[in-house]
1. Mind checking which residues of region B:68-103 are touching a Gly at 6+ places or on another chain (Cβ under 7 Å) and open to solvent by 10 Å² or more (accessible area, probe 1.4 Å)?
2. Return the total of residues in region B:1-42 being within 14 Å of chain A (Cβ to nearest Cβ), exposed (fewer than 12 other Cβ atoms within 10 Å of the Cβ), touching a residue at least 40 places away in the same chain (Cβ under 8 Å) and of a type outside the set (Ser, Thr, Tyr).
3. If you check every pair at least six apart or on different chains, which have Cβ atoms under 6 Å apart with a residue in region A:43-58 that is at pLDDT 90 or above first and a residue that is of a type in the set (Gly, Ala, Ser) and open to solvent by 30 Å² or more (accessible area, probe 1.4 Å) second?
4. Suppose we keep only residues that are of a type outside the set (Asp, Glu) and assigned to a helix (DSSP H, G or I) within region B:81-112. Which one would you say is nearest to the chain's Cα centre (by Cα)?
5. When region A:52-76 is examined, which residues are found to be surrounded by 14 or more Cβ atoms within 10 Å (Cβ to Cβ) and closer than 11 Å to A:Trp34 by Cβ?
6. Using the structure shown, decide if A:Arg83 is among the basic types (Lys, Arg), in contact (Cβ under 8 Å) with a residue 12 or more places away in the chain and either open to solvent by less than 70 Å² (accessible area, probe 1.4 Å) or closer than 22 Å to B:Trp102 by Cα (or both).
7. When the residues of region B:53-67 are narrowed to those that are away from chain A (no Cβ under 13 Å) and not polar (S, T, N, Q), which ends up surrounded by the most Cβ atoms within 10 Å (Cβ to Cβ)?
8. Of (1) within 26 Å of B:Ser87 (Cβ to Cβ); (2) modelled with pLDDT under 95; (3) out of contact with any Lys or Arg (no Cβ under 9 Å at 6 or more places or on another chain), A:Phe33 satisfies all except one. Which?
Amino acid sequence: DAGITQSPRYKITETGRQVTLMCHQTWSHSYMFWYRQDLGHGLRLIYYSAAADITDKGEVSDGYVVSRSKTENFPLTLESATRSQTSVYFCASSEWGHGYTFGSGTRLTVV
Amino acid sequence: KNQVEQSPQSLIILEGKNCTLQCNYTVSPFSNLRWYKQDTGRGPVSLTIMTFSENTKSNGRYTATLDADTKQSSLHITASQLSDSASYICVVSLDSNYQLIWGAGTKLIIKP
C-alpha cells in the first residue's frame, strides 16, 4: 500500500542501548524528516533529508544519527539512549512546498 | 525569536456548534502558514496551506484565514462533529521546506 510507515509502533529500551526507528515511504518524495513530540511542546525537528545521501541537522539532533542510502528509507538511530529521549517520534515526507505526510509515530520509552 | 502561539490551549464545545481557533506568529521571513489536525495517537494531517497572498482557504467544514499584516491566522470549524475532536496545530514555514515553526496546538473536544 502507498504511504509512509514507521516501525516499531512502540518500543521500550534501557538507558545506554542503541535503538533504531525505521521509516519507509512509497511515494518517492524527495524530502524526509524526523520529529519528536513531547507533551506541551510543538513538534521539534531532529533531522531532515533533501534527497538520498543528503541529510542535515535540525534543532534537536544531539544524540541522534540518520542515514538515507535509498530515497524511500530514512532510519533514525539513538546511539546511546537517555531518559530525555523518551518521546513520540514522527517521520514525514514531502515534496518541495507541499504539505508533509506523517507516519503514525513510534512511542519510545527509555527506562 | 521565531514563535507560533495558539489559543485557546483547549476548547470543549457541543456537537453541531461552530468554533474558531487562533494562531499568532512572529516569524520572518514568512513563506506559508499551515494548519494540521492531529488525532490522538496519530501523526498530523494537513488541512490547509496558505501563502502570503492568500487570505482564506477552505477544506470542507474547515476554513482558515490569514492576515499577514497582523500576523494572525484562524481556523474556523463549522457544524462540528465528534470526529473533529483532535489537536489542531498551526505551523509557519520560513523560506524553505524544512524550517517549520510549530505551535503547541489547540486541543478540541466535541461533546455529544
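1. B:Ala79, B:Ser87, B:Trp102
2. So the answer is 1.
3. Listed pairs, sorted by first residue: A:Ala51/A:Ser30.
4. B:Ser83
5. Those that are surrounded by 14 or more Cβ atoms within 10 Å (Cβ to Cβ) and closer than 11 Å to A:Trp34 by Cβ: A:Thr55, A:Gly58, A:Val60, A:Ser61, A:Tyr64, A:Val65, A:Val66, A:Arg68, A:Phe74, A:Pro75, A:Leu76.
6. No: the conditions fail for A:Arg83.
7. Filtering region B:53-67 for residues that are away from chain A (no Cβ under 13 Å) and not polar (S, T, N, Q), the one surrounded by the most Cβ atoms within 10 Å (Cβ to Cβ) comes out as B:Leu66.
8. Among (1) within 26 Å of B:Ser87 (Cβ to Cβ); (2) modelled with pLDDT under 95; (3) out of contact with any Lys or Arg (no Cβ under 9 Å at 6 or more places or on another chain), the lone unmet condition for A:Phe33 is (2).
The values are calculated or read from the model by the stated rules, or taken from the named source; none is laboratory data. All of these numbers come straight from a predicted model, not from anything done at the bench. So basically every Cβ, Gly included, is an ideal-geometry build from the backbone, and we count neighbours across all protein chains shown. These area figures cover heavy atoms from the full protein model, side chains too; ligands, DNA and RNA do not enter into them. Shrake-Rupley method; radii C 1.70, N 1.55, O 1.52, S 1.80 Å.
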